[in-house]
Amino acid sequence: MNPWNTRFQNESYVYGTEPNVFLAEMQRKLPLSGDALAIAEGEGRNAVFLAEQGMNVSAWDYAESGLSKTNKLADEKGVKVNTQLVDLNEAVWQQNIWDEIVCIFGHFPEVLRKKTLQGVKESVKPGGYFITEVYSHYQIPYNSGGPQNLELLYKPEEFLNVFSDWRIVHFFMGEVVRQEGDLHNGLSHVIQFVGQKTE
């Protein structure tokens, strides 16, 4: 049973249809174009936003209902997103093929998290970017969204260690306010990371 497939089956978009605020801010600041991948993309709000910015966008998720809503939202906005049913446990990460990879509130067990971050590192092209905002391991008492399981939350050193040989464009851990649909609401404790692959 896939709980995410069940969660996304109703008509409403549980995280809303607007892009993550941090992602939108970074897209305005960075010279991004070309091929983008949004992983653990859910119902497609961020992938559709990237397509609206002129990117060629692929969205990976393992909830068919989420991918269907991604396609519906893309149609409504007049853009195209290449949706793919991908379980990150079985993902094939190709070398140097993406100009940008985005992960917004994608939370996984520690072993899969490490594998995914390594996959991202391999698959971004030299000069390309990885942009992410996720809940930190301090998030649980905030009760404003995200997993209530410490193992699924991030520590800052995970990004700083994996991407130690990249140029760090932006790094932040601390409090932000998020209003994203029904499930992300209020003061939150997040990690934001933007890295550029240098070679």
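The values are calculated or read from the model by the stated rules, or taken from the named source; none is laboratory data. If you're wondering where the values come from, they're calculated on a predicted model, not measured in any experiment. All Cβ positions, glycine included, derive from the backbone under ideal geometry; neighbour counts span all protein chains shown. Areas reflect the complete protein model, heavy atoms only, side chains present, ligands, DNA and RNA absent. Shrake-Rupley method; radii C 1.70, N 1.55, O 1.52, S 1.80 Å.
Values computed for the structure shown
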quantity	calculated
Fraction of accessible area attributable to carbon and sulfur, the chain (%, probe 1.4 Å)	49 percent
Placed amide H near Glu41: partners under 5 Å, 5+ positions off or other chain	Trp60, Asp61
Under Karplus coefficients 6.51, -1.76 and 1.60, residue-wise ³J(HN,Hα) of the stretch 93-110 in Hz, glycine/proline x	9, 7, 6, 6, 10, 10, 6, 8, 10, 10, 9, 10, 6, x, 10, 9, x, 4
Given Lys115/Lys197; Lys114/Lys197; Lys114/Lys155; Lys29/Lys197; Lys72/Lys114; Lys115/Lys155, the pairs whose alpha carbons are separated by over 21 Å	Lys72/Lys114
Debye, to nearest 20: dipole size of the chain, +1 on Lys, Arg Cβ, -1 on Asp, Glu Cβ	260 debye
Cα centroid of the stretch 62-76 to Cα centroid of the stretch 131-187, whole Å	25 Å
Selection from Phe49, Phe159, Ile104, by position along the positive dipole direction of the chain (Cβ)	Phe159
The stretch 3-197, relative contact order in percent, only Cα pairs under 8 angstrom and at least six apart counted	20 percent
Sparse-neighbourhood loop sites, trypsin sites (Lys or Arg not before Pro) in the stretch 1-101 - DSSP loop, at most 13 other Cβ within 10 angstrom	Lys80
Solvent-accessible heavy-atom area per residue, rounded to whole Å², over the chain at 1.4 Å	46 Å²
Helix-derived mean residue ellipticity, 222 nm - over the chain, DSSP H n ≥ 4, -39500 (n - 2.57), to 500	-8500 deg cm²/dmol
